[in-house]
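Student: Quick one: structure below, then a few questions.
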Amino acid sequence: MHKLQNKSVKKIVLLIGSLFIAQIGLGHSINYALQDAPVNQVVWFYFKMGFKHIIPFGIDHILFVIGLCLLSTNIKTIFWQATAFTVAHSITLALSMKNIIVAPGSVVEPIIALSIVFVAIENMLLKELKPWRVLLVFLFGLIHGMGFASALNEIGLPTGKFYTSVIAFNAGVEVGQITVITVLFGCIIIPLRNKNWYRLVIVYPLSACIALVAFYWTIERVFFNV
Amino acid sequence: MLYFILIAFFIGAVSFVIIKFKKEDTARENTQYGLLQRNGSLAQMPEWEINKLNATKLLNAINANPKDLKSQISLANLFIMEARTTGNYTYYDKAAMKNIDNVLKIDAQNFEALTLKSLLYLSQHHFADGLAMATKAQNINPYNAFVYGILVDGNVEMGNYDSAVANAEKMMSIRPDLRSYARASYLREIYGDYPGAIEAMKLAVDAGVAGEESTEWCRVQLGHLYENSGDNKNAEMNYTIALDNRKNYAYALAGLARIALSNKNYDKAINYYKQADSLVNDFSFKEELVDVYQLTGQKDKAAAISKTVIYEMNKNAASAASDENIGHYADRELAYAYLKINEVDKALDHALAEYNRRPKNIDANETLAWVYYQKGAYAKAIPYMKVALKTNSKNPVLLCRAGLIYEKTGDKVKAKEYLEQAFKNNATLPELLKLHSEQALKEI
């Protein structure tokens, strides 16, 4: 039994590993328009791009962040989750842009949608932050980072300004996320968290809606390549 | 319990996504492409039976020995030629790329495979990748004229015109033939030397065998150069000869359509365009047909074709997003297509995407400048138009657009200069552009 389990685990690890290895070698595109641009212009361009990738174009990432916020009304809870998510997506974003790992969009995008489903349903099952939730958010962050990389790859990076562009993009994404968290906490969570109907009226319906939308995206991305 | 169900569901779903991808990937790996049945008069062409026979032989050879690199490359070549004849670049470029990748997996330094791969990249408008790949091939064999041809094309598309000229000179010194003369002609045209371009294209035509696709393509290009120089008589003659030498040659038919259009013979132009469109899948025929329909007040027909063109181009572009190896970038074409249906914001998105990929290219700059003009952002159009004019191209359409942009920004001197240059040779111009340019010139 133990041997069988080991074999299955090995198989899965190999399968997942081959996903990434098979893709190594595809070069990321180059942004020739910003090749000779001054650094401040490059920083501003990628910062704006990162922000826009969350607000307004990253509706899936917005729902994920809302999902993270709905677990608990405690600021610390969102702080740990957001930190784990940020560290993780920064790692895979940089590694993907460096071509160290490049996963295919047809795998990354459905898993991003599934991660939203998971977080939303988990919000209905848990009431407080568990250590494994932070670990899971970290793992999901790794996947989201690859999604960010594919968006960044569409525009490309100017050669010689790799770190400047990636850091600026990441900063834009962070500011976008912080904006979502601030608005949600400021407008909904802080004013309503002490109401005894908070979970019943806010957390459950919102999480259910998020899960449904994300499930729809999963189907769309798996079967219709949208 | 519920939590464990959730975890099990998640692991199951992720595994399903990965296994599905791997299965599809394996299926893609194992796909062996063949020739698609030609339709209509293309199926009557003499080379079709030979091509089919060759394809069968090559496929059998590859099935018997997948490491038969020579057959893999020959089949890729056959697909590339078939793409050119039928206009089905989406299918045949993918098919050729598959064989080339098979070769490169076995021999990563295979010169022929690298040159063909760079050619395919250019065909799919992945210009930077094409140029990089051609440079790699050139390092392996610096004495091959064909690879210099690809370098010329790649450098032109990336806007490195000086390098393109140097590559063309090298190509000519290695092998002065149809391909090198055609490139010399194209470069002279870009630099505004129409008489020189015509002279070089005549040499290209003379160097080829009458009736062969490459020769007749050059003849059509020669006709187009005459058109842009205002010599419609010679243009028409070249299109007619091309059509005589190669029956139903779509590009010659499109040339005759333009001549009919300039003579205001709209029905004749529509018929020629329809004929060309039925033969080869080239969006430019449809785009030009849209112009004629708009001119003749057939707005519904124009809108319907425009929508089809946009849909098809977006579909091809989507394959570029999902597969970095292949997939046609068509942002410049999409920008113009969206302009035709007055969706200027979408046109701007595509014009910017094209510009970001090749900011030094004169065509990409012209497109962006023209989209800004259509958007009413005249001052924004100026820097891009300046880049578009940097080679002193005398293309009448470009000059009209430059004139109109300068006129709107209040620079009457430059506007007059460009508009007068555009009309100097009485070249064929799109009707609406001509009308607006004439009005602007009168007002100045």
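The values are calculated or read from the model by the stated rules, or taken from the named source; none is laboratory data. These numbers come from a predicted model, not from an experiment. So basically every Cβ, Gly included, is an ideal-geometry build from the backbone, and we count neighbours across all protein chains shown. Protein only, heavy atoms only, side chains kept; ligands, DNA and RNA dropped before computing areas. Shrake-Rupley method; radii C 1.70, N 1.55, O 1.52, S 1.80 Å.
Student: Output the residues belonging to the range B:388-409 that are farther than 30 Å from residue B:265 by Cβ and either of a type in the set (S, T, N, Q) or open to solvent by 50 Å² or more (accessible area, probe 1.4 Å) (or both).
Tutor: B:390, B:391, B:392, B:408, B:409
Student: Here's a follow-up. State the number of residues belonging to the range A:154-164 that are within 12 Å of chain B (Cβ to nearest Cβ) and open to solvent by 20 Å² or more (accessible area, probe 1.4 Å).
Tutor: Summing the residues that are within 12 Å of chain B (Cβ to nearest Cβ) and open to solvent by 20 Å² or more (accessible area, probe 1.4 Å) in the range A:154-164 gives 3.
Student: So which residues in the range B:1-14 are within 8 Å of chain A (Cβ to nearest Cβ) and open to solvent by 40 Å² or more (accessible area, probe 1.4 Å), if there are any at all?
Tutor: Result: B:2, single match.
Student: When the range A:34-57 is examined, which residues are found to be among the polar types (S, T, N, Q) and part of a helix (DSSP H, G or I)?
Tutor: A:40, A:41
Student: Something else now. Tally up the residues in the range B:16-27 that are under 14 Å from residue A:222 (Cα atoms) and either open to solvent by 40 Å² or more (accessible area, probe 1.4 Å) or more than 8 Å from chain A (Cβ to nearest Cβ) (or both), please.
Tutor: Total meeting the criteria: 6.
Student: Moving on to the next point. Given (1) open to solvent by 30 Å² or more (accessible area, probe 1.4 Å); (2) not in a helix (DSSP H, G or I), identify the lone condition not met by residue B:129.
Tutor: Only one criterion is unmet by residue B:129, namely (2).
Student: Here's something else I'd like to know. Pull up the range A:124-139, narrow it to residues that are within 11 Å of chain B (Cβ to nearest Cβ) and not charged (D, E, K, R), then point me to the one that is least open to solvent (accessible area, probe 1.4 Å).
Tutor: Applying the filter and picking the extreme gives A:126.
Student: Report the residue count in the range B:28-50 for those that are more than 14 Å from chain A (Cβ to nearest Cβ) and open to solvent by 60 Å² or more (accessible area, probe 1.4 Å).
Tutor: 9
Student: In addition: Return the pairs, sorted by first residue and then second, in which the second residue is open to solvent by 40 Å² or more (accessible area, probe 1.4 Å), the first residue lies in the range B:10-33 and is part of a loop (DSSP other than H, G, I, E, B), the beta carbons are less than 9 Å apart, and the residues are 6+ apart or on different chains.
Tutor: So the pair list comes out as B:32/B:63; B:33/B:91; B:33/B:94.
Student: Follow-up question, since we're still on this one. Could you check how many residues of the range B:183-204 are farther than 13 Å from residue B:229 by Cα, out of contact with any Phe, Trp or Tyr (no Cβ under 8 Å at 6 or more places or on another chain) and open to solvent by less than 20 Å² (accessible area, probe 1.4 Å)?
Tutor: The number of residues fulfilling the criteria is 2.
Student: Further question: Within the range B:1-16, track down each residue that is within 50 Å of the chain's Cα centre (by Cα) and more than 14 Å from residue A:119 (Cα to Cα).
Tutor: B:12, B:13, B:14, B:15, B:16
Student: Restricting the range B:66-84 to residues that are modelled with pLDDT under 95 and surrounded by fewer than 19 Cβ atoms within 10 Å (Cβ to Cβ), which is nearest to residue B:328 (Cα to Cα)?
Tutor: Across the range B:66-84, the extreme among qualifying residues is B:84.
Student: What number goes with the only condition from (1) crowded, with 17+ Cβ neighbours inside 10 Å; (2) outside any helix (DSSP H, G or I); (3) within 17 Å of the chain's Cα centre (by Cα) that residue A:72 does not pass?
Tutor: (3)
Student: In the range B:356-380, what residues are open to solvent by less than 40 Å² (accessible area, probe 1.4 Å) and touching a Ser or Thr at 6+ places or on another chain (Cβ under 8 Å)?
Tutor: B:362
Student: For the subset of the range B:426-441 comprising residues that are surrounded by fewer than 19 Cβ atoms within 10 Å (Cβ to Cβ) and of a type in the set (A, V, I, L, M, F, W, C), which member is farthest from residue B:414 (Cα to Cα)?
Tutor: B:432
Student: Restricting the search to the range B:37-59, which residues are part of a helix (DSSP H, G or I) and touching a helix residue (DSSP H, G or I) at 6+ places or on another chain (Cβ under 9 Å)?
Tutor: B:40, B:41, B:42, B:47, B:48, B:51, B:54, B:55, B:57, B:58, B:59
Student: Same structure again: Exactly one condition in (1) touching a Phe, Trp or Tyr at 6+ places or on another chain (Cβ under 9 Å); (2) hydrophobic (A, V, I, L, M, F, W, C); (3) not in a helix (DSSP H, G or I) is not met by residue B:108; state its number.
Tutor: (1)
Student: Let me ask something additional. Name the single residue that is surrounded by the fewest Cβ atoms within 10 Å (Cβ to Cβ) among those in the range A:100-117 being more than 10 Å from every other protein chain (Cβ to nearest Cβ) and either touching a Phe, Trp or Tyr at 6+ places or on another chain (Cβ under 7 Å) or farther than 18 Å from residue A:225 by Cα (or both).
Tutor: If we take residues in the range A:100-117 being more than 10 Å from every other protein chain (Cβ to nearest Cβ) and either touching a Phe, Trp or Tyr at 6+ places or on another chain (Cβ under 7 Å) or farther than 18 Å from residue A:225 by Cα (or both), then A:100 is surrounded by the fewest Cβ atoms within 10 Å (Cβ to Cβ).
Student: Just one of the numbered conditions (1) at pLDDT 90 or above; (2) open to solvent by 10 Å² or more (accessible area, probe 1.4 Å); (3) closer than 25 Å to residue A:217 by Cα is not true of residue A:16; which one?
Tutor: Every listed condition holds for residue A:16 apart from (1).
Student: Next up: Among the residues of the range A:176-205, which ones are surrounded by 15 or more Cβ atoms within 10 Å (Cβ to Cβ) and either touching a strand residue (DSSP E or B) at 6+ places or on another chain (Cβ under 8 Å) or within 30 Å of residue A:103 (Cβ to Cβ) (or both)?
Tutor: The answer is A:176, A:177, A:179, A:180, A:181, A:184.
Student: Looking at A:120, A:151, A:214, A:171, which one is away from every other protein chain (no Cβ under 14 Å), within 18 Å of the chain's Cα centre (by Cα) and among the small types (Gly, Ala, Ser)?
Tutor: Being away from every other protein chain (no Cβ under 14 Å), within 18 Å of the chain's Cα centre (by Cα) and among the small types (Gly, Ala, Ser) holds for just one of A:120, A:151, A:214, A:171, which is A:171.
Student: Just to be sure I understand, how many residues within the range B:214-256 are open to solvent by 10 Å² or more (accessible area, probe 1.4 Å), part of a helix (DSSP H, G or I) and closer than 19 Å to residue B:431 by Cβ?
Tutor: Residues meeting the conditions: 5.
Student: If I filter the range B:138-163 down to residues being away from chain A (no Cβ under 14 Å) and within 23 Å of residue A:35 (Cα to Cα), which single residue comes out as most open to solvent (accessible area, probe 1.4 Å)?
Tutor: Going through the qualifying residues, I end up with B:162.
Student: Could you tell me whether residue B:166 is open to solvent by 10 Å² or more (accessible area, probe 1.4 Å) and either in a loop (DSSP other than H, G, I, E, B) or out of contact with any Cys (no Cβ under 9 Å at 6 or more places or on another chain) (or both)?
Tutor: Here the answer is yes, as residue B:166 does meet what is asked.
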